[in-house]
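Engineer: Provided herewith is a single structure, encoded as structure tokens, for subsequent inquiry.
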Amino acid sequence: MAFLLANDFQQLALLFIATFGNVFLLGFSSQIVRDQKIALAFTVSWGITWCQFSFARISATTVDADLAMFVSGWGGSLGIVSSILFYRWYQARGKRYG
């Protein structure tokens, strides 16, 4: 593993955020498309595009590919679990007010 500088740590943190956001939004999008929430799906799609673009830009310049894969794996795993929990909250909130 290469010695990490502050800039490398920032890259890995951004990679984690981009991966987390991408998988979170993909999971949420899957559920709202199923529910036919068109305007929300349109908006979430822009977020997915931004996260995927950011991931591609950041991952292309990382110092340590293995570490980047590890960080991305954690970001994606936590992103999908968070998406499921968020959607449960979102659905419960909708039933309470709708």
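Engineer: Just checking, which of Ser83, Ser54 is within 18 Å of Asn7 (Cβ to Cβ), in contact with a helix residue (DSSP H, G or I) (Cβ under 7 Å, 6 or more places away or on another chain), assigned to a helix (DSSP H, G or I) and modelled with pLDDT of 90 or more?
Structural biologist: Ser54
Engineer: Taking segment 34-49, which residues are in contact with a helix residue (DSSP H, G or I) (Cβ under 8 Å, 6 or more places away or on another chain) and free of Cβ contacts under 8 Å to residues at least 24 places away in the same chain?
Structural biologist: Answer for segment 34-49, where residues must be in contact with a helix residue (DSSP H, G or I) (Cβ under 8 Å, 6 or more places away or on another chain) and free of Cβ contacts under 8 Å to residues at least 24 places away in the same chain: Leu40, Ala41, Val44, Ser45.
Engineer: Test Val23 against the stated conditions and say whether it is surrounded by 13 or more Cβ atoms within 10 Å (Cβ to Cβ) and part of a loop (DSSP other than H, G, I, E, B).
Structural biologist: Taking the combined requirement at face value, the residue does not satisfy it.
Engineer: Quick one: Leu15 ticks every box in (1) of a type outside the set (S, T, N, Q); (2) at pLDDT below 95; (3) touching a Ser or Thr at 6+ places or on another chain (Cβ under 7 Å) bar one, so which box is it?
Structural biologist: (2)
Engineer: Which members of segment 40-98 meet the condition of being surrounded by 12 or more Cβ atoms within 10 Å (Cβ to Cβ) and among the acidic types (Asp, Glu)?
Structural biologist: Of everything in segment 40-98, just one residue is surrounded by 12 or more Cβ atoms within 10 Å (Cβ to Cβ) and among the acidic types (Asp, Glu), namely Asp64.
Engineer: Here is a follow-up. Six or more apart or on different chains, Cβ atoms under 6 Å: show the pairs whose first residue is in segment 65-93 and closer than 19 Å to Ser30 by Cα and whose second is in a helix (DSSP H, G or I) and among the small types (Gly, Ala, Ser).
Structural biologist: Close Cβ pairs satisfying both conditions: Ile80/Gly27; Ser83/Gly27.
The values are calculated or read from the model by the stated rules, or taken from the named source; none is laboratory data. These numbers come from a predicted model, not from an experiment. No Cβ is skipped: glycine too gets one built from the backbone with ideal geometry, and neighbour counts run over all protein chains shown.
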